[in-house]
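Asker: Handing you a structure now.
The values are calculated or read from the model by the stated rules, or taken from the named source; none is laboratory data. Worth saying up front: this structure is predicted, and the values here are computed from it rather than measured. Neighbour counts are summed over all protein chains in view; Cβ atoms, including those assigned to glycine, are modelled from backbone coordinates with ideal geometry.
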Amino acid sequence: MSKKHDAIFDDVLSGLDSPATPADRGGARFLKRSTTIGERMSGERQEKTLHLVDPARCRMWARHNRDYALLTEENCRDLIDGIKAQGQQEFPAIVRRLTDEEHEFEVICGARRHFAMTWLRAHNYPQFRYLIEVRDLTDEEAFRLADIENRDREDISDYERAVDYAEAIRLYYGGAQKAMAERLEVSPPWLSRYLTLAKMPEEILNAFASKRDIRERHARALKPMLNIPDQAEAILTEAKYLAQTQAKAAKGQGGYVDAAEVFKRLKTAAKPTAKPAKTRTGTLFVRSQGERGIMVKKQGKQVQMAFDNDLSDGALRGAFEQFMKARKP
C-alpha cells in the first residue's frame, strides 16, 4: 500500500477512538466544507486534477525547449534514481490534450520526467506511471510556461535555449525582440545574446563534440571576429578541421576535443596572420603569430619546404595556405 493510501486510512481511523455525536460530526463537515468554499471564492485555494498515465500515451510538443533526442540514461540518471528512491514521480508534467489516434497528450513541460518513466518501465519497473497535469494553453502560453519552468535549469544547454528563442521570436512575436523580451520579462540585451548563439554557422557548432557544449559566451566572443572576412575565413577553416576530429572520435578513432580547447583554438585562428619572416635559411610561413610553421627555401627553379614532424594538421594547412597566397602573382 502506498504512503498516500496509508495517510488516508490514518486520517479516517484517527477519530474512531474518540466517539463524536452526530451533531459534532455534522458541524465538522459543515465547517470543513464552508472553509473550502471560502478558500475557493477568495482565490486562496486552487483545485488541480492530476493523472497517472502510461508515458506511451504522451508525445513531446514539437516546440518543447529541450531536445529529447539528447536525453540519455546517463544525463537523466539523477532523476531515474530519485524516482526509484521515492517510489513515484514527485512533480507533475504539464500537458495538453490531443485528438490524434496515437497519443492523448502533448508534453509542454516534463521531457526528462517522460524519458525517465519510459526508461524505468522498459527496465523492469512497469508499476511506474507518468504523473501529468492537463492544461488548456495556446502555443505562446505554452512557450512561456516552458521557459519559466526551465530558464534556471543547468541541464538545458544554452544552445537548446537559443534555438527555442529563435523559433519563438519568429512564430509568436513577429521578429520583434523588444516585444518578446517584455513578455518573458528579460532584458533585450540578455535575449540578444541567445539569439546570436542561434545564428552561429553550422561549421562552428560542429566543431564542438556536442552542440550542448557551446555557450552563449562563446558566441558573444566569436561574433565580432566573424564579421571580419579574413578572420571569419580562418575561424571556419579551423572549425572544419575540428569537426573532422570530433567526427572521428565519435567513431572511436581518437579522443574528443573538449569545449574549452575548441573555443581557444577558434579564437587563436582569428588572430591576424603574421607576415612571412625572412631568415637566412628561407621564409617562414605560419598560420598565426607565435605558432610553428613551414620554412620555405628557393634553390633555382625548385622550392624546398621543411616543417616539424609533430606540427598539427591544422597549423600545417594554415601555413601552407599562407604560402599559396604569397606565391600568387
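Asker: Output the residue which, of all residues in the stretch 306-329 that are of a type in the set (A, V, I, L, M) and in contact (Cβ under 8 Å) with a residue 12 or more places away in the chain, is farthest from Lys271 (Cα to Cα).
Answerer: Ala306
Asker: Within the stretch 175-182, is there a residue that is surrounded by 15 or more Cβ atoms within 10 Å (Cβ to Cβ) and more than 22 Å from Asp67 (Cβ to Cβ)?
Answerer: Within the stretch 175-182 (the criterion being surrounded by 15 or more Cβ atoms within 10 Å (Cβ to Cβ) and more than 22 Å from Asp67 (Cβ to Cβ)), the answer is yes, since at least one residue qualifies.
Asker: Select the helices (runs of 4 or more DSSP H) contained entirely in the stretch 161-233, then report the ones holding at least 3 residues which are within 14 Å of Leu266 (Cα to Cα) and without any contact (Cβ under 8 Å) to a residue 40 or more places away in the chain.
Answerer: 216-226
Asker: Looking at the stretch 206-241 only, could you name the residues that are crowded, with 22+ Cβ neighbours inside 10 Å and over 18 Å from Ala260 (Cβ atoms)?
Answerer: Once the filter is applied, which keeps residues that are crowded, with 22+ Cβ neighbours inside 10 Å and over 18 Å from Ala260 (Cβ atoms), the stretch 206-241 yields only Ala234.
Asker: If you don't mind, another one. Restricting attention to the stretch 88-122, which residues are acidic (Asp, Glu) and within 18 Å of Asn65 (Cα to Cα)?
Answerer: The answer is Glu106, and nothing else.
Asker: Let me ask something else about it. Are there any pairs, at least 6 apart or on different chains, whose C-beta atoms fall under 9 Å, with the first in the stretch 132-150 and within 17 Å of Ala162 (Cβ to Cβ) and the second small (Gly, Ala, Ser) and part of a helix (DSSP H, G or I), and if so, which?
Answerer: Final answer for the pair search is Phe143/Ala168; Arg144/Ala168; Asp147/Ala168.
Conditions tested, residue by residue: (1) surrounded by 15 or more Cβ atoms within 10 Å (Cβ to Cβ); (2) more than 26 Å from Val53 (Cα to Cα); (3) at pLDDT 95 or above.
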{"site": "Ile132", "(1), (2), (3)": "yes, no, yes"}
{"site": "Asp147", "(1), (2), (3)": "yes, no, no"}
{"site": "Glu154", "(1), (2), (3)": "no, yes, no"}
{"site": "Asp158", "(1), (2), (3)": "yes, yes, no"}
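Asker: Kindly indicate the residue of the stretch 50-74 that is in a loop (DSSP other than H, G, I, E, B) and modelled with pLDDT under 85 and also nearest to Lys211 (Cα to Cα) among those meeting that condition.
Answerer: Here the residue is Asp67.
Asker: What is the number of the single condition among (1) crowded, with 21+ Cβ neighbours inside 10 Å; (2) at pLDDT 95 or above; (3) touching a Phe, Trp or Tyr at 6+ places or on another chain (Cβ under 7 Å); (4) not hydroxyl-bearing (Ser, Thr, Tyr) that Ala111 does not meet?
Answerer: Going through the list (1) crowded, with 21+ Cβ neighbours inside 10 Å; (2) at pLDDT 95 or above; (3) touching a Phe, Trp or Tyr at 6+ places or on another chain (Cβ under 7 Å); (4) not hydroxyl-bearing (Ser, Thr, Tyr), Ala111 breaks only (2).
Asker: If you don't mind, another one. Does at least one position in the stretch 92-107 carry a residue that is within 29 Å of His218 (Cα to Cα), crowded, with 19+ Cβ neighbours inside 10 Å and assigned by TED's automatic domain parsing to the domain that holds Leu50?
Answerer: No: the stretch 92-107 contains no residue that is within 29 Å of His218 (Cα to Cα), crowded, with 19+ Cβ neighbours inside 10 Å and assigned by TED's automatic domain parsing to the domain that holds Leu50.
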